[in-house]
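Notes follow once the structure below has been shown.
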Amino acid sequence: MTAGGGTSGQQTDLHKIFYQCRLGRDDIERMFAMACEGIPAPAVRVSTVAGNTRFWKPTLQDLVTAVHDNAPEIGAHWTNLSLDASSPSLVRGVRITIDKERTEVNVSGSDTTWAFGQVARIEKFLTSRGAVSSSPRYENRVMYIALLFFLAFGTFLLVHGVDNETANECITRVANSTKNAKVVNSLIVVTYAFGTLFPIYQIMKRRSLRARLDVIDNLPTGPWWSRLSPAEKIAVIGVPIAALATIAALVTAANDLWGK
């Protein structure tokens, strides 16, 4: 018995997930075109799910037009997009799915060199658009733990030993507080300021680096500050000022109340 048609009996299947991909219209077009390279006479389907309806077309432009005509309420707020491209014989195929959090890439082919090469090219392209291989959720948890630590430490400095003091001890400490008031108050301010401002800075920075999908317009590039909206830029400046003012008021009140 002879094998028929020269069809390969095996293929390479590769799967990768990327987070924080920032993809605008031109980025999507370039990535989809790159993904289809090397696939002979590819059958291409670009699709999205809007509400309870799935739309699909052979090109992104056709899909955008179809969604605009049939689901105008979606506007530019797309939450997902997919590309499926394969050769008629299914010897080579690519599937890319994009949502608001991550981008998944699946490449299959009987040609191992082509499969690994396509994954490497797509990965390089996505990395240039902010992609990372690990979920930012872990880093967010670490940041919140650090915030709680510094706020708890600052609170400890404020109230430590107060409940155990007699009235005379409290009066004596208040009388002697001028000796170390500057050092202790400075330490409290620094602790609270770092514990408050660093997470604010990280939140805004991560917001500018968050995954984005825009099938209508291109996305701004450059430093993270330039990617923030005007309202976000105002918040970056206004929130720290308000936080510092609150911290200073708390330290002053603690100094007046407990002699810290």
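Taken together, the values in this text are just the output of simple stated rules run on the coordinates, not laboratory data. None of the values given here were measured: they were computed from a predicted structure. With ideal geometry, Cβ positions are generated from the backbone for all residues, glycine too; neighbour counts draw on all protein chains shown.
For segment 13-127, what is Rg from Cα atoms divided by 2.2 N^0.38 Å, rounded to two decimals?
Details: Rg = 14.1 Å, N = 115, 2.2 N^0.38 = 13.4 Å.
That ratio works out to 1.05.
Given H placed on each backbone N at 1.01 Å, which residues far from R212 in sequence or on other chains put an amide H within less than 5 Å of it?
C21, R22, L23
Give me the distance in nm between label points sitting 7 Å out from Cα along the Cα-to-Cβ direction at S128 and D13, one decimal.
Rounded to a tenth, the inter-label distance reads 3.1 nm.
Residues of segment 22-40 with amide nitrogen under 18 Å from the 7 Å Cα-to-Cβ point of R102?
Label zone hits: 22-23.
Each residue of segment 34-45 in turn: what ³J(HN,Hα) in whole Hz from Karplus with 6.51, -1.76, 1.60 and θ = phi - 60°, glycine and Pro shown as x?
With the stated coefficients, segment 34-45 comes to 5, 5, 7, 5, x, 9, x, 6, x, 8, 10, 9 Hz.
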